[in-house]
4 protein chains.
Amino acid sequence: MHDELRKAVCDANIQLWRERLVIFSWGNVSGIDRSSGVVAIKPSGVAYEALTPDKIVLLDPDGNIIEGPLKPSSDTPTHLELYRNFKSVGGICHTHSPNATMWAQACREIPCFGTTHADYYYGPVPVTEVMTKEQIESDYELNTGRVIVRRFAGLDPMEVPGVLVANHGPFAWGRDAAAAVESTMVLEQVAATALGTITINPEQGPISEALLDKHYLRKHGKNAYYGQRSPGEQ
Amino acid sequence: MHDELRKAVCDANIQLWRERLVIFSWGNVSGIDRSSGVVAIKPSGVAYEALTPDKIVLLDPDGNIIEGPLKPSSDTPTHLELYRNFKSVGGICHTHSPNATMWAQACREIPCFGTTHADYYYGPVPVTEVMTKEQIESDYELNTGRVIVRRFAGLDPMEVPGVLVANHGPFAWGRDAAAAVESTMVLEQVAATALGTITINPEQGPISEALLDKHYLRKHGKNAYYGQRSPGEQ
Amino acid sequence: MHDELRKAVCDANIQLWRERLVIFSWGNVSGIDRSSGVVAIKPSGVAYEALTPDKIVLLDPDGNIIEGPLKPSSDTPTHLELYRNFKSVGGICHTHSPNATMWAQACREIPCFGTTHADYYYGPVPVTEVMTKEQIESDYELNTGRVIVRRFAGLDPMEVPGVLVANHGPFAWGRDAAAAVESTMVLEQVAATALGTITINPEQGPISEALLDKHYLRKHGKNAYYGQRSPGEQ
Amino acid sequence: MHDELRKAVCDANIQLWRERLVIFSWGNVSGIDRSSGVVAIKPSGVAYEALTPDKIVLLDPDGNIIEGPLKPSSDTPTHLELYRNFKSVGGICHTHSPNATMWAQACREIPCFGTTHADYYYGPVPVTEVMTKEQIESDYELNTGRVIVRRFAGLDPMEVPGVLVANHGPFAWGRDAAAAVESTMVLEQVAATALGTITINPEQGPISEALLDKHYLRKHGKNAYYGQRSPGEQ
């Protein structure tokens, strides 16, 4: 049941580790089957080397475990809150990748300093508010999802496929689990490059709206012409 | 037809990925056969792992696809503009390699801080002007080539084999596709080292003309004595 | 005799090298068998590639070599002093890993800037006092242990499983040799991320007590719910 | 003839490349046989992958090629000048390793910020004067050796086994070719760590004389007790 989803989520988790975006068990990827509402997610605290599709935890739309002896990632309530609110998202990835975490810990959004960023994120990578004592002390992981959702008021999560949780690290997403890992890898490189940019020129501002539009829209949307698609093909 | 050129361009693209100068499909190398004017370039959005010589796109001197089903890199008009204007260039490479991109995003040229730089770049690595809304909104990739060409007024592109496009990243080149990758690798290391240099000493100025001449000219030109060449041999 | 301990200590030393936390012979891991008081430690100046369990040095509770021709690490008196004072510690690791060493050399504690840190270290990573001429000139390695112990007055070494020795580098520990390496790897990543954080935002302060409690206690102690443990299970 | 020396020098050059201290042909290691005065050195501009002992160039004490068709490294006159003046040196290594080059380009000596440094370099890593136009324009490589030698007035090159040539990069050395590579690797790590240290604490001063003495002398000289040597054994 949901074998394909489990395999895709397992592969995406292992890729995180292969790309050295995580050490130990510091990250988790999930995917959702929108037709049934079933979510597949990494089990908590299990090493990537030991991960196989049968260890991936399946959850029903209410977050209950469908089968298997393993507990899901402790960040599961964050993932579920994002799936409930970001209807076009099919996969979510959370890491503590070093460069994105530097910005998250500094509680600073990443300005769009260049076309690498603009190719994937249609504007700055936002940072959430700092969570309050109340938000932390009860339903912490659910509230983490809520502060992300609140930060995205007025933003399209498919145009800005990731966020920095203040004092914590990145969550990123996409149309499926593999795309969520891709958004994470891009964010990590964008974060590293932006840090160098402000070191060289602390006064550097973001690129122009025209350049942001050009790069984002040549890869995304109905007039995209990057890659092997025909115009209009997504 | 043009099998050697296709193989050389394919190998150069794969080397970019092996040297970890690119992730995903973030870069492209081309080469030109000056006798026929035919340009070979990476197809758009194709993964390096999947690249084979038969997938390399061949273009006639007017930029039309000669054969094959794949679309060329979306940056093709930039490459063609450079080939039209830089007559001694035989290969061009574009990446978003992190350290060079930091400087490009900071809109700062890289001063010649040392002999590593002077061995390959005869002066600072220039940065283009920031492109205007008009340059971006129509013929963007062609205009990217034009701002590079304009920046090289008074410069010999074989003496300064690369540039930083402001808000974007590096283009570098050489006598063929492999040399273009070499210019890119050097630029990446020079950019990293220069960032460290200004962190240690923000007031550091460039090396003397005498040292720049010494290092550049011991490797290049008619009196070169580096390597296994005889003096006068290029 | 003590074959398991020797193998565990050998494996932990080799892991240090595989994870690139050490070059040459710049690090050492030890483990203790609390029932007998026997300590196993890396021999001094031996390359990791050449390390086998039979080369691990066994010491009795007074620090005398039990058997074998090799001398123990020159840092042995530091390890022994820590075992004498930190009764719940079962393994200790010393390295000159670059990022932790940067902070140690800067004589600065690492503030708890984020949840990655809070998951493993329940507060800032402390730095010792600078050692005096007298402490250095006689019984240097023993006195290194003493300044660490003094710095931990009022701290639980199992809650803060590592320290920066000023002008020197990190010592980290855990319930056994493998856990000591884990504490070292975490410290190295925490140090790297913290450096980026203060570069982006020099005014950044530590996370709230509530967030520190939440993350540390969801992984440690009687109400932990991270991983595959049941609540109350350690 | 001199087969062992040739093999040792070849191995040391290849190690430079394996340790990623060089790319392309950006570095060279030499060794000397003090009984005959014969120097073995890397050929100029030859790739490390292609290096074999028979390609290593042998030079007589006057710097003339003894046999073989290849030209020696263009930096040979620097090596020879150092061998003439530093009588206890048996191997020399030159690279453009990134972190050491950052300091060389910044024209700053590396203060002794910690015990990692003190274990190998008995004081700051010195930087040469900036070379004059006259020194550059004739006998440049020989003059590079001369500014190094001048900088070492009052210093023992076996206690400070390396230097930063201003605007250029490091030269390091030791009792043989392998030791010269070791001095280079240490210098690269020391340079990286020192850069982090001044970023965290720009006011950080060097360690005390007592700590410098302790660490340097526990590894070097007649009272050394690090490693598997007996006291008095070198």
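Readers should treat all values here as calculations from the given coordinates under stated rules, not as data from a laboratory. Just so you know, these numbers come straight off a predicted model, no measurement behind them. FYI the Cβ positions are ideal-geometry reconstructions off the backbone, even for glycines, and counts take in every protein chain you see.
Odds and ends about this structure:
- Dipole size of segment A:3-217 about its Cα centre, with +1 on Lys/Arg Cβ and -1 on Asp/Glu Cβ: approximately 160 debye, rounded to the nearest 20.
- Gyration tensor (alpha-carbon) shape descriptor, segment A:112-234, a/c threshold 1.5: oblate
- Whole-angstrom gap from segment B:172-213 to segment A:63-142, using each part's C-alpha centre: 38
- Over the protein assembly as shown: helical MRE at 222 nm, DSSP H runs n ≥ 4 each giving -39500 (n - 2.57), nearest 500: -11500 deg cm²/dmol
- Backbone geometry of segment C:183-196 corresponds, through the Karplus equation with coefficients 6.51, -1.76 and 1.60 at θ = phi - 60°, to 3J(HN,Hα) couplings of 4, 5, 5, 5, 4, 4, 6, 4, 5, 5, 5, 5, 4, x Hz, x marking Gly and Pro.
- Overall form of the protein assembly as shown per C-alpha gyration tensor (a/c, 1.5; a/b vs b/c): oblate
- Exam field: B:GLU209 pseudo-label spacings to other copies (7 Å along Cα-Cβ), nanometres: 4.7, 4.7, 6.7
- Looking at the protein assembly as shown, the DSSP beta bridges with both ends there are about 95 percent antiparallel.
- Label points for A:GLU129 are taken 7 Å from Cα along Cα→Cβ. From this copy to the others they lie 4.5, 4.5, 6.4 nm apart, shortest first.
- Near C:GLY196, once Lys and Arg are set to +1 and Asp and Glu to -1 for all other residues with Cβ below 13 Å from its Cβ, the sum equals 0.
- Ordering of C:199-206, A:95-102, C:21-28 by packing [mean C-beta count within 10 Å, highest first]: A:95-102, C:21-28, C:199-206
- Measuring how big chain A is from its alpha-carbon positions, Rg and Dmax come out at 17.5, 54 Å.
- Between helix A:76-85 and chain A there is an angle of about 60 degrees, using the helix long axis and the longest principal axis of the Cα atoms.
- DSSP beta bridges in segment A:3-217 [antiparallel fraction, %, rounded to 5]: 95
- Annotation for C:GLU49, label-to-label distances across the other copies: 2.1, 2.1, 3.0 nm (shortest first, one decimal, point 7 Å from Cα along Cα→Cβ).
- Gaussian network model of chain D, Cα within-10 Å springs - most flexible of D:TRP173, D:TRP103, D:TRP17: D:TRP17
- Residue of C:THR197, C:THR144, C:THR76 that the Gaussian network model of chain C assigns the largest fluctuation, springs spanning Cα pairs under 10 Å: C:THR197
- Here the Gaussian network model covers chain A, with springs between Cα atoms less than 10 Å apart; of A:ALA118, A:ALA191, A:ALA47, A:ALA47 fluctuates the most.
- R0 of 25 Å, Cβ-Cβ distance D:TYR225-C:PHE24: FRET efficiency to nearest 0.05: 0.90
- Nearest beta-carbon to the D/C symmetry axis - residue in chain D, distance in Å: D:THR199, 5
- Charge sum, other residues only, whose C-beta stays under 13 Å from D:LEU212's C-beta, Lys/Arg counted +1 and Asp/Glu -1: -1
- Cβ-defined net charge surrounding A:ILE14, 13 Å radius [Lys, Arg +1; Asp, Glu -1]: +3
- Each residue of segment B:154-171 was assigned a 3J(HN,Hα) from its phi angle through the Karplus curve 6.51 cos²θ - 1.76 cosθ + 1.60 (θ = phi - 60°); the sequence is x, 10, 9, x, 7, 8, 10, x, x, 8, 9, 7, 4, 6, 9, x, x, 10 Hz, with glycine and proline shown as x.
- Cα shape, segment D:150-194, gyration tensor, a/c 1.5 rule: oblate
- Nearest 10 degrees, 0 to 90: helix B:209-219 Cα axis against chain B principal axis: 50
- Among the residues of D:147-154, the average count of other protein chain beta-carbon atoms within 10 Å of the residue beta-carbon is 0.
- Once the Cα atoms are used to define both axes, helix C:3-18 deviates from the longest principal axis of chain C by about 60 degrees.
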